[in-house]
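Novice: Below are the structure tokens for one structure; questions will follow.
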Amino acid sequence: MLFVLDLFSHYVLHFERYFILSRQSTLLIQWAIVVLAGLYVLVHHPKINRYRTMFLAGVLLRIVLLAGVSVELIHQVQATNFTSAYLREDGNELLPLVHFLLYGYVLLTAFHYMLMPRDHGGKGMFYTFDLAVVSLPIVQMIFSFFSYWNEYPDEIEPIEFVFLFFIIILPIVLNVLFFKLYWRTNKILLGLFYTLIIGLLVLLLTPYPNQISIDYGAVMPYTIYLAMAGFLMSYHLFQKSGKVYARVNKWLPMAVILFFVLLLNPIYNVATAAFALSKPANVHDSFNFVGEHISSEKAEQIIKSFFPTDETLYLHDTKMDVHYFYSFENLSYEAEVDEVSQLINNYQYLKKPRGKTLTDQEYMWKSIAFLERHGRVLNKDHIETTVSKEDGQIVVRIYLKNQLHKKDHEDDGTVFYWEKETLMGFSEDPSIYQLDSLLHVHVTEQDIQDKVKEVFRALNIPKQPYQITDIESNSLLGSMVHVETKDGIVLEFEGESRCLHSLSLPMKKNISLANSGVQRQILSVFDADVSEMKKKSRQSDMVMYTDSSKTYELFEDQGQLNAYVYSDTPDRAFPYTYRDGKLAYEKVASAYQDVIYKKRMRPIIVQRGNERHYAWLIIIQPFGSNRHDAYVVDGDTQEVESLYES
């Protein structure tokens with residue numbers, strides 16, 4: 001039973017995260033369900049006119065739902081660049097509207113139809129109105145197409161006009177068939193109607209053989225119309241079925257009322273009960289640098305400081321909880337900014353190059369000057385620059401030189417792609433910058449020097465040169481600084497906590513896994529308390545130790561003795577119920593200043609170096625804004641901390 005509750009809670013949260021419905025829309029749908037259910041019970045009183053009451057309820061319901069559509073539209077207009085060019089390219093700007101139409105309008109009007117008397121004379125008017133409302137997203141698609149065509153006529157392919165013809169003609173054909181069948185049933189026309197409905201749904205919702213997945217958001221405006229038309233015709237035929245309707249309708253309305261009230265009432269529903277008992281399983285999402293992520297507004301400022309533009313920059317994937325990489329695009333270029341390191345991951349210029357062709361030396365100087373002009377501090381004593389030609393473009397690569405060992409740098413470094421005097425592509429590598437200039441790498445040169453000396457002393461290794469060979473810094477994988485000595489000893493430092501994360505030693509006669517003294521010496525380098533240490537497992541080429549909070553893994557591989565340290569915490573099951581997550585949200589919401597449009601919560605692992613613990617990530621989107629505010633709530637202490645820098 002508990003497994004069923006866990007599974008149910010998981011899917012409730014999945015719906016909350018990926019189906020874009022605002023808090024206002026969700027509450028509207030829930031209370032409308034309760035009011036309609038209450039009215040259905042009341043209209044059985046002999047002094048209440050059932051026909052008139054349900055008709056007025058239907059009118060008021062549609063007025064309220066249209067008001068809900070208006071609220072969603074106001075939010076979208078204020079929050080986004082609501083242009084036809086963006087709608088045609090991405091389509092996600094309409095998702096809140098079409099989700100409200102599907103899960104609000106279609107659901108509630110269908111519920112209302114099931115509660116109306118069979119012989120109610122107002123159904124035809126409601127059918128006409130509802131089909132017109134769910135056709136609005138299709139009309140918007142058509143106007144968006146012509147608006148885009150008017151602005152960018154050269155980008156429209158002839159085949160797109162063929163698709164446009166079918167987008168226009170098919171709803172017209174289906175509406176004509178629907179109302180012909182509403183007044184008089186015809187088996188041939190009925191077969192044609194359902195063939196079109198089912199065939200179009202299969203065509204829109206089934207991926208093609210060469211597709212892994214399908215963008216359901218792009219086809220949802222059409223699927224909403226098809227779902228509504230299919231339901232209305234099916235329920236109309238059901239009501240005309242005589243004996244079948246009389247037999248089933250005795251229990252169907254009450255069963256539907258019971259189902260919806262138990263599932264969707266806003267006071268205490270099945271999900272509330274499940275949340276109180278069930279816990280998340282398989283929590284894997286981890287977050288570093290809590291309090292140091294940047295907002296989308298700052299990311300946009302960074303992009304514009306590197307690549308000034310008067311054009312509007314569009315932010316992709318606005319429905320994501322956390323971006324990791326902010327991806328922007330306009331008509332001139334597209335670029336990504338890391339949410340933590342604030343480095344440019346990928347820049348592509350989309351227009352034709354301008355200017356004249358320069359010499360290799362000029363391209364090299366131009367690249368270095370570009371970085372310095374934007375505040376990047378190069379580690380000039382340890383970098384090299386190469387200039388090559390690829391696919392007609394001049395490629396300037398600036399990389400960190402390994403002064404102790406030869407290394408292929410073909411895939412390393414900060415890369416510039418020049419064509420004439422135009423920068424066509426650009427991507428940064430933090431390794432070429434001075435360590436103290438990297439905002440979110442907290443480990444210092446002194447930290448590295450002290451730890452290297454400690455390794456030499458603990459393992460009786462002669463003093464030798466060492467250097468930083470690589471720096472990783474991004475919000476998805478975390479931050480790591482790689483250090484290598486002349487004899488091939490490799491140390492990895494965790495950039496946020498400044499702790500030693502791993503150690504790799506060339507195996508020699510006196511350095512091997514079989515030497516228990518070496519094992520103790522390595523553990524001491526990780527600042528482990530040997531007195532608390534317990535041996536967790538032992539194999540011929542691997543040994544694992546644990547203490548009160550960490551696991552230390554030592555193993556042999558390709559002539560190297562490797563040691564890693566990591567926290568034991570995530571091995572425990574997530575100890576908090578979904579209700580605890582709801583309480584965490586309520587704590588955040590109580591201090592939130594803006595009107596909350598959308599909220600999401602998810603269980604996460606907070607990682608600070610080798611320390612990890614469970615927490616709740618609360619995502620809040622304010623009304624009228626595309627901004628996502630993220631808060632991390634500690635599961636034990638309920639302490640709230642913003643994911644983004646203040």
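Novice: Quick check, is Tyr417 closer than 30 Å to His628 by Cα, under 32 Å from the mean Cα position of the chain (by Cα) and at pLDDT 90 or above?
Specialist: no
Novice: Does Lys319 satisfy being basic (Lys, Arg) and surrounded by 13 or more Cβ atoms within 10 Å (Cβ to Cβ)?
Specialist: Spelling it out, Lys319 is indeed basic (Lys, Arg) and surrounded by 13 or more Cβ atoms within 10 Å (Cβ to Cβ).
Novice: Which pairs have Cβ atoms under 6 Å, sit 6 or more apart or on different chains, and link a residue in the range 20-43 that is farther than 12 Å from Tyr105 by Cα to one that is of a type in the set (Lys, Arg)?
Specialist: Close Cβ pairs (under 6 Å, with a partner that is of a type in the set (Lys, Arg)) amount to Ile20/Lys319; Ser22/Lys598; Val43/Arg50.
Novice: Let me ask something else. Looking only at strands (runs of 3 or more DSSP E) that lie completely in the range 475-541, which have at least 2 residues being surrounded by 12 or more Cβ atoms within 10 Å (Cβ to Cβ), not acidic (Asp, Glu) and not assigned by TED's automatic domain parsing to the domain that holds Ile605?
Specialist: Result: 478-485, 490-494, 500-506.
Novice: Identify, please: which residue in the range 542-560 is in a loop (DSSP other than H, G, I, E, B) and in contact (Cβ under 8 Å) with a residue 40 or more places away in the chain and is, among those, nearest to Lys451 (Cα to Cα)?
Specialist: Among those residues, the one meeting the criterion is Ser549.
Novice: If only one of Thr444, Thr414, Thr422 is among the β-branched types (Val, Ile, Thr), outside the structural domain of Leu500 (by TED's automatic domain parsing) and surrounded by fewer than 17 Cβ atoms within 10 Å (Cβ to Cβ), which one is it?
Specialist: Thr422
Novice: Still on this structure, please answer the following. Can you give me the number of residues within the range 343-377 that are out of contact with any Ser or Thr (no Cβ under 9 Å at 6 or more places or on another chain) and part of a strand (DSSP E or B)?
Specialist: 1
Novice: Among the residues in the range 632-643, are any at pLDDT below 85 and either assigned to a strand (DSSP E or B) or on the phi > 0 side of the Ramachandran plot (or both)? It would help to see each step written out before you state the result.
Specialist: Looking only at the range 632-643, we keep the residues that are at pLDDT below 85, and these are none.
No: zero hits.
Novice: Here are some residues: Leu226, Leu258. Which one is within 23 Å of Val134 (Cβ to Cβ) and in a helix (DSSP H, G or I)?
Specialist: Among Leu226, Leu258, only Leu226 is within 23 Å of Val134 (Cβ to Cβ) and in a helix (DSSP H, G or I).
Novice: Criterion first (assigned to a loop (DSSP other than H, G, I, E, B) and farther than 30 Å from Asp154 by Cβ) does Leu331 satisfy it? If you could, list the steps in order and put the result at the bottom.
Specialist: Numbers: assigned to a loop (DSSP other than H, G, I, E, B): yes; farther than 30 Å from Asp154 by Cβ: no.
For Leu331, the condition - assigned to a loop (DSSP other than H, G, I, E, B) and farther than 30 Å from Asp154 by Cβ - is not met.
Novice: Search the range 148-160 for residues that are closer than 16 Å to Leu331 by Cβ and pair each with any residue that is of a type in the set (Ser, Thr, Tyr) and surrounded by 11 or more Cβ atoms within 10 Å (Cβ to Cβ) when their beta-carbon atoms are under 6 Å apart and the residues are at least 6 apart or on different chains.
Specialist: Tyr148/Ser84
Novice: Among Leu181, Leu200, which is within 36 Å of the chain's Cα centre (by Cα) and assigned to a helix (DSSP H, G or I)?
Specialist: Every option except Leu200 fails the conditions.
Novice: Among the residues of the range 457-490, count how many are free of Cβ contacts under 8 Å to residues at least 60 places away in the same chain and not aliphatic (A, V, I, L, M).
Specialist: So the count comes out to 8.
Novice: Only one of Ala271, Ala227 is closer than 14 Å to Leu108 by Cα, within 29 Å of the chain's Cα centre (by Cα) and touching a residue at least 40 places away in the same chain (Cβ under 8 Å); which?
Specialist: Details: Ala271 fails: closer than 14 Å to Leu108 by Cα.
Sole residue among the options that is closer than 14 Å to Leu108 by Cα, within 29 Å of the chain's Cα centre (by Cα) and touching a residue at least 40 places away in the same chain (Cβ under 8 Å): Ala227.
Novice: From the list Asp119, Asp130, exactly one residue is assigned by TED's automatic domain parsing to the domain that holds Gly58, of a type in the set (D, E, K, R) and at pLDDT 90 or above. Which is it?
Specialist: Answer to the check: Asp130.
Novice: In the set Ala589, Ala630, Ala584, Ala615, which member is touching a strand residue (DSSP E or B) at 6+ places or on another chain (Cβ under 7 Å), surrounded by 19 or more Cβ atoms within 10 Å (Cβ to Cβ) and either among the basic types (Lys, Arg) or more than 17 Å from His293 (Cβ to Cβ) (or both)?
Specialist: Step by step, each of Ala589, Ala630, Ala584, Ala615 is checked, and only Ala584 is touching a strand residue (DSSP E or B) at 6+ places or on another chain (Cβ under 7 Å), surrounded by 19 or more Cβ atoms within 10 Å (Cβ to Cβ) and either among the basic types (Lys, Arg) or more than 17 Å from His293 (Cβ to Cβ) (or both).
The values are calculated or read from the model by the stated rules, or taken from the named source; none is laboratory data. Just so we're clear, the structure is a prediction, and the values are computed from it rather than from any experiment. Backbone-built Cβ (ideal geometry, glycine too); neighbour counts: all protein chains shown.
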